[in-house]
Amino acid sequence: AEVKYHRCGYRRKENLLVYSPDERPQKKEILEQLRRAFPQMRQVEVNGISFEEYIDLVGRAKWVITFGEGLDNYFAAPLNSGGVSFAVYNEEFFTPEYKDLHNLFSSFEEMRDKIADRIKAFDTAEQYAQVSSEAEAVLNRQYDVKRHLEQLREFYLGQYTFP
């Protein structure tokens, strides 16, 4: 079944930060720093909810952080909902075209040091839309359904794209 993302822009997003349940040594410090910088922002860890509830939650959230491998559904679903997600660039999971996106960090230490400033910088309708659409464009180029179906067709015809 196709996932139905609830798309809405900056003005309709809630002042809500959603984050993955993955553990990182810097996680607690990052979240506490964001609580101090944005005391009115609600923080919610994804835990014990259905996939449909998750899609609704990240669709309403202005910000989402993945503490996982990076290119996961905590990163992708918010972009497909018109939101902004943050992750750490990881060469094992991301392709090089992601590397220069403004919502990615080179390490969790850099995330800790710079995420509050980036949220402040992105917290206008124009900047928010730009960051979200740039990241979504890269994601959609990589995960284009028509392209995947064509690659499957070629594979079954014996037209391999690898050596």
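The values are calculated or read from the model by the stated rules, or taken from the named source; none is laboratory data. Everything numeric here is computed off the predicted structure, so don't read it as measured data. Backbone-built Cβ (ideal geometry, glycine too); neighbour counts: all protein chains shown. SASA here: full protein model, heavy atoms, side chains in, ligands and nucleic acids out. Shrake-Rupley method; radii C 1.70, N 1.55, O 1.52, S 1.80 Å.
For the chain, a crude dipole built from +1 on the beta carbon of Lys and Arg and -1 on the beta carbon of Asp and Glu, taken about the Cα centre, is about 620 debye to the nearest 20. Across the stretch 49-65, coupling constants 3J(HN,Hα) worked out from phi with the 6.51/-1.76/1.60 Karplus curve, θ = phi - 60°, read 10, 6, 4, 4, 5, 4, 4, 5, 4, 6, x, 8, 6, 6, 9, 9, 10 Hz, and Gly and Pro carry x.
Ranked by the mean number of other Cβ atoms within 10 Å of their residues, highest first, the peptides 3-14, 82-93 fall in the order 82-93, 3-14.
Straight-line reach from K28: which lysines have a Cα under 27 Å away, not including same-chain ones fewer than 8 places off? Result set, ordered by chain and number: K13, K62, K99, K114, K120. Calculated on the alpha-carbon coordinates, the convex hull of the chain measures out at 129 cubic angstrom per residue.
Once each part is reduced to its C-alpha centroid, what is the distance from the stretch 63-109 to the stretch 13-62 in angstrom? The stretch 63-109 and the stretch 13-62 have Cα centres separated by 14 Å. Heavy-atom accessible surface of the stretch 24-163, averaged per residue, reaches 55 Å², computed with a 1.4 Å probe.
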